[in-house]
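In what follows, a single structure is set out as structure tokens and then discussed.
The values are calculated or read from the model by the stated rules, or taken from the named source; none is laboratory data. Quantities reported herein were computed from a predicted structural model and do not represent experimental measurements. Backbone-built Cβ (ideal geometry, glycine too); neighbour counts: all protein chains shown. For the accessible areas, the whole protein counts, side chains as well, though only heavy atoms, and no ligand, DNA or RNA atoms are used. Shrake-Rupley method; radii C 1.70, N 1.55, O 1.52, S 1.80 Å.
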Amino acid sequence: MKPSTNHIYPVIWHNNSVSLIDQTRLPKEYTFVEIRRSEDMARAIKTMIVRGAPAIGVAAAYGIYLGAREISTSDRHEFLQHLDQVAQLLRSTRPTAVNLFWAISRMIKAAYETLGTVEEIKQTLFQTAQAINAEDLQTCQAIGDNGLTVLPTTPEKLTLLTHCNAGALATAGYGTALGVVRSAWREGRLERLFADETRPRLQGAKLTTWECVQEGIPVTLITDNMAAHCMKQGLIHAVVVGADRIAANGDTANKIGTYSVAIAAIAHNIPFFVAAPLSTVDFELADGSQIPIEEREPTEIYQVGDTILTPAGVDFYNPAFDVTPAELITAIITENGAIAPHELAKSQLKQVSKSVKINQTM
Ligand code: MRU
């Protein structure tokens, strides 16, 4: 099956279950996995069938609904107790992307705030999951278009560099960093995208290039250690990456290797942008040192396919994310516009005052 242009949706509600694009099989095979139970959703998140911060959030939201559907009691208190266990299971899948925790909290809050029967709570949960999915798609489109306001204006057509996959596959659709790339391409402002391969799981090589090929966006794959060299040669005009969690001071966790790209960008006077929804900002964390960093299996680094690369007796360290300090980030591109990292806290205040206004008019 070939996805139609601009319509790559990694998480779809279909036939009373969730269809996930199996991202572990791309680009070789474009297949879907059908998920009917919350436990299977937790496994799909952990094994990275679905991955990317916003997509994990959307998948977990549906996971909560699937879990709710499995609970047979009509006693409200008992139902909510079981639902908390489902939430706990889903929370335990991946620690870094805050969108997972954000989406689960929003679902659980919706359940507790629904005063009707258990059936009515289930209905609310379904609607909330659908809303999280739909909102993320709109948010990404806004992020993409907001990116156009901060990209360099010369040359007329830019060459951008990205790391990992922050595309449609990593969100409800369209993407964050790749959303900016898509919008730039649509407006005739993109010459080409350079994609870092992104060791060890190769999201850049396997997923970002795949998305670009679907849409005819010219893409050049480089290995991670080539980025600084390409910058020095004047091949890159700006860097755009996604985020898994942004602390209140703008420090940003993203796929391992992002930090080195940021250092290389600053050394070559190249703007470095983070594109992310505001749901990726964790205002409870003062700075990036508090962001939990996932460590994954060493097989990811010592094995390629069936081939083991190393001799026996080697130790391994496989952190899946790193933290780029706020001072290396030119701007954070959100659905509300591009924000200087040190202005993030103020943007939270603006959001709060907006919601107060809405509440007052209700
Ligand atoms: O381990 P992954 O593939 O889930 O990591 C994905 C990333 O680091 C993305 O850049 C990030 O989640 C942003 S996705 C819009």
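Leaving out ligands, DNA and RNA, what percent of the accessible area of segment 152-358 is carbon and sulfur, probe 1.4 Å? Kindly include the intermediate steps, with their values, before the conclusion.
On the way: 4830 of 8810 Å².
Exposed carbon and sulfur together represent 55 percent of the surface.
Work out Dmax and Rg for segment 257-332 from the C-alpha atoms and quote the Rg first, both in angstrom.
Calculated on Cα positions, Rg and Dmax stand at 16.4, 45 Å.
So which residue, out of Gly313, Gly242, Gly305, gets the largest mean-square fluctuation from a GNM of the chain using Cα contacts under 10 Å as springs?
Ranking Gly313, Gly242, Gly305 by mean-square fluctuation puts Gly313 first.
Computed FRET efficiency, Cβ-Cβ of Ser289 and Glu78, R0 30 Å: what is it to the nearest 0.05?
Values: r = 41 Å, r/R0 = 1.35.
Computed FRET efficiency for Ser289 and Glu78 comes out at 0.15.
When the convex hull of the Cα atoms of segment 5-107 is projected onto a plane and the area is averaged over all directions, what value comes out in nm²? Display every interim value, and only then the final one.
On the way: hull surface 27.4 nm².
Over every viewing direction, the Cα hull of segment 5-107 projects on average to 6.8 nm².
Taking every pair of alpha-carbon atoms in segment 152-358, give the share separated by more than 25 Å as a whole percent.
Working: 8222 of 21321 pairs.
Percent of Cα pairs beyond 25 Å in segment 152-358: 39.
If packing is taken as the mean number of other Cβ atoms within 10 Å per residue, what is the order of 102-112, 169-179, highest first? Each step should come with its number before you reach the end.
Numbers: 102-112: 19.4, 169-179: 29.7.
By packing density, highest mean first, the sequence is 169-179, 102-112.
Using a Gaussian network model of the chain whose springs link C-alpha atoms within less than 10 Å, name the residue from Gly234, Gly167, Gly144 with the highest mean-square fluctuation.
Gly234
Specify the residue with the greatest mean-square fluctuation among Val98, Val150, Val304, computed from a Gaussian network of the chain linking alpha-carbon atoms under 10 Å apart.
Val304
If you take the Cα Rg of the chain and divide it by 2.2 N^0.38 Å, with N the number of residues, what do you get?
Values: Rg = 20.3 Å, N = 362, 2.2 N^0.38 = 20.6 Å.
Dividing the Cα Rg of the chain by 2.2 N^0.38 Å gives 0.98.
Sort all Cα-Cα distances of segment 1-60 into consecutive 10 angstrom bins from zero, then give the percent of pairs in each bin up to the one containing the longest distance.
23, 58, 18, 0
What is the pair-distance distribution P(r) of segment 34-192, computed from all Cα-Cα distances in 10 Å bins starting at 0, with each bin given as a whole percent?
All Cα pairs, binned at 10 Å, distribute as 11, 35, 26, 16, 8, 3, 0 percent.
Sorted from largest down, give the three principal axis spans of the alpha carbons of segment 167-260, whole angstrom values.
35, 33, 25
Under a 1.4 Å probe, what is the accessible area of the chain per residue, stated in Å²? Before the final figure, lay out the partial values.
Details: 16100 Å² over 362 residues.
About 44 Å² of surface per residue is accessible.
Leaving ligands, DNA and RNA out of it, rank Thr128, Thr223 by accessible area with a 1.4 Å probe, largest first.
So the residues, ranked largest to smallest area, are Thr223, Thr128.
What's the extension gain from Tyr317 to Asp224 if we count 0.36 nm per residue and subtract their Cα-Cα distance?
Details: separation 93, 0.36 × 93 = 33.48 nm, distance 1.77 nm.
So the chain would gain 31.7 nm between Tyr317 and Asp224.
5 Å is the cut-off here: which amide hydrogens, built 1.01 Å from N in the peptide plane, fall below it relative to Phe194, excluding neighbours closer than 5 in sequence?
Here Leu160, Leu161, Thr162, Thr220 satisfy the definition.
Along Cα→Cβ, 7 Å out, is where each label goes; now give me the distance between the ones at Gln233 and Lys28 in nm to one decimal.
Going from the Gln233 label point to the Lys28 one covers 3.0 nm.
Could you look at segment 11-142 and say what percent of its accessible area is carbon and sulfur, using a 1.4 Å probe and all protein chains? It would help to have the intermediate numbers written out before the result.
Values: 2880 of 5740 Å².
Whole-percent figure for carbon plus sulfur exposure: 50.
Kindly state, as a whole number, the per residue volume in cubic angstrom of the convex hull around the alpha carbon atoms of segment 121-183. Kindly include the intermediate steps, with their values, before the conclusion.
Numbers: hull volume 4.8 nm³, N = 63.
Hull volume normalised by residue count: 76 Å³.
Quick one: ranking Ser183, Ser279 by accessible area, 1.4 Å probe, largest first, what do you get? Show your work: numbers first, answer last.
Details: Ser183 0, Ser279 25 Å².
Ranked list, largest accessible area first: Ser279, Ser183.
Ignoring ligands, DNA and RNA, how do Trp13, Trp210 rank by accessible area with a 1.4 Å probe, largest first? Don't jump to the answer; show the numbers that get you there.
Details: Trp13 55, Trp210 25 Å².
So, going from the largest accessible area down, we get Trp13, Trp210.
Is it possible to state the helix-based mean residue ellipticity at 222 nm for the chain, with each DSSP H run of 4+ residues giving -39500 (n - 2.57), the sum divided by total residues, to the nearest 500 deg cm²/dmol? What is it?
Details: 11 runs with 144 residues, N = 362.
Calculated mean residue ellipticity at 222 nm is -12500 deg cm²/dmol.
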